[in-house]
Structures are given as C-alpha cells and as structure tokens.
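Trainee: There's a structure below that I have some questions on.
The values are calculated or read from the model by the stated rules, or taken from the named source; none is laboratory data. All values reported here derive from a predicted model rather than from experimental measurement. Every residue, glycine as well, gets a Cβ built from its backbone with ideal geometry; the counts of neighbours run over all protein chains shown.
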Amino acid sequence: MSTGYHAAKTGGVAPGKTVTVIGDGAVGLSAVLSAKILGADRIILMGRHQTRTDLGREFGATDIVPDRGDDGIAKIKELTGGDGTHVVLEAVGLKPALETAFAVVRRSGLHIGRWCSVCPTSCTWVLGRVNVPVLIASRNIWQSPRAS
C-alpha cells in the first residue's frame with residue numbers, strides 16, 4: 001500500500017485531478033485506492049486482468065482501459081478530451097508502460113513511475129522523444145513541459 005500511496009501523494013493527487021494508473025498489480029491497485037482516498041475526480045486504470053480491474057473498479061477506478069500501446073493512448077486521450085491526465089502513476093516499470101505514461105500525461109502534468117528497471121538507456125530514449133523534459137525531486141518523477 002505504501003508505494004501506491006507515496007506515488008499518489010508525491011504526484012499531487014487531489015480533488016479536481018484526473019489520474020491514470022498504469023498496471024493492475026498490487027502497486028497499481030494500491031495507487032487506485034490511494035487516488036480515491038486523496039479525492040481524485042477521475043481515475044483511469046490501464047490493465048488487462050479482469051479480476052484485477054474489477055477490484056480496481058471497487059477501489060475507485062472510474063474507467064478501465066485494457067488496451068496497450070497506441071490504442072491505449074488513444075483511449076486515454078479520448079476519455080480526457082484530448083488533454084491527457086494531470087497525473088500518471090506508472091506501476092509496471094517496463095519500457096512500453098513508460099512510453100505510454102509519457103504519451104498520456106497532459107502538458108504541465110506529472111508522471112510518477114517505476115523507472116529503476118528500465119533506466120538509464122530506455123529513459124534516455126523516451127526522454128529524448130519529448131524534447132528534454134524537466135526532471136524534479138528524484139529520478140522517479142517527471143514534470144511535463146509547460147504549455148506555451
């Protein structure tokens with residue numbers, strides 16, 4: 001529970017926020033529960049395991065997106081009116097999940113993730129695609145560039 005809660009708290013999850021949680025394992029489900037406790041208005045859970053996503057819905061997920069890659073990104077964009085979410089809590093730690101996280105966070109949003117398993121080479125590749133974002137606080141937090 002503490003990892004999901006720490007991610008949600010560090011990400012500034014609060015009333016009025018839309019949150020995407022990537023991963024329906026223990027950390028992802030605890031992030032869903034934590035986002036609900038912290039008052040997020042909308043919680044989108046990306047996961048493919050029916051029993052886990054059902055539990056995620058019970059914990060407070062308002063939307064379930066089973067799609068991955070471009071299809072999953074498109075669905076998140078559709079659900080958020082093209083803006084993406086304020087906070088992305090990435091609980092998988094693999095390159096495709098990290099790429100999805102960067103693609104669905106809105107401008108000036110925040111991504112909290114499990115980068116340890118993919119850094120430094122994968123992070124460098126992904127970060128290079130988003131035109132040098134600002135890393136803040138620790139290697140696990142990424143602030144999206146501000147809108148122009």
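Trainee: With (1) within 23 Å of Asp83 (Cα to Cα); (2) in contact (Cβ under 8 Å) with a residue 40 or more places away in the chain as the list, and Gly25 as the residue in question, which single condition is left unmet?
Mentor: Checking Gly25 against (1) within 23 Å of Asp83 (Cα to Cα); (2) in contact (Cβ under 8 Å) with a residue 40 or more places away in the chain, the one that fails is (1).
Trainee: From the list Ile141, Ile76, which one is among the β-branched types (Val, Ile, Thr), surrounded by 14 or more Cβ atoms within 10 Å (Cβ to Cβ), in contact with a strand residue (DSSP E or B) (Cβ under 7 Å, 6 or more places away or on another chain) and modelled with pLDDT of 90 or more?
Mentor: Ile76
Trainee: For the stretch 98-123, how many residues meet the condition of being at pLDDT 85 or above, within 22 Å of Ala26 (Cα to Cα) and out of contact with any Ser or Thr (no Cβ under 8 Å at 6 or more places or on another chain)?
Mentor: 1
Trainee: Filter the stretch 38-56 down to the residues that are surrounded by 15 or more Cβ atoms within 10 Å (Cβ to Cβ) and part of a helix (DSSP H, G or I) and list them by number. If you could, list the steps in order and put the result at the bottom.
Mentor: Within the stretch 38-56, the subset surrounded by 15 or more Cβ atoms within 10 Å (Cβ to Cβ) is 38, 40, 42-47, 52-53, 55-56.
Answer for the stretch 38-56, where residues must be surrounded by 15 or more Cβ atoms within 10 Å (Cβ to Cβ) and part of a helix (DSSP H, G or I): Arg52, Thr53, Leu55, Gly56.
Trainee: What is the residue count in the stretch 64-97 for residues that are in contact (Cβ under 8 Å) with a residue 40 or more places away in the chain, closer than 19 Å to Val27 by Cα and over 13 Å from the mean Cα position of the chain (by Cα)?
Mentor: 0
Trainee: Same structure, new question: Where residues in the stretch 7-34 are out of contact with any Phe, Trp or Tyr (no Cβ under 9 Å at 6 or more places or on another chain) and in a helix (DSSP H, G or I), which of them is surrounded by the fewest Cβ atoms within 10 Å (Cβ to Cβ)?
Mentor: Only one residue fits best here, namely Ala26.
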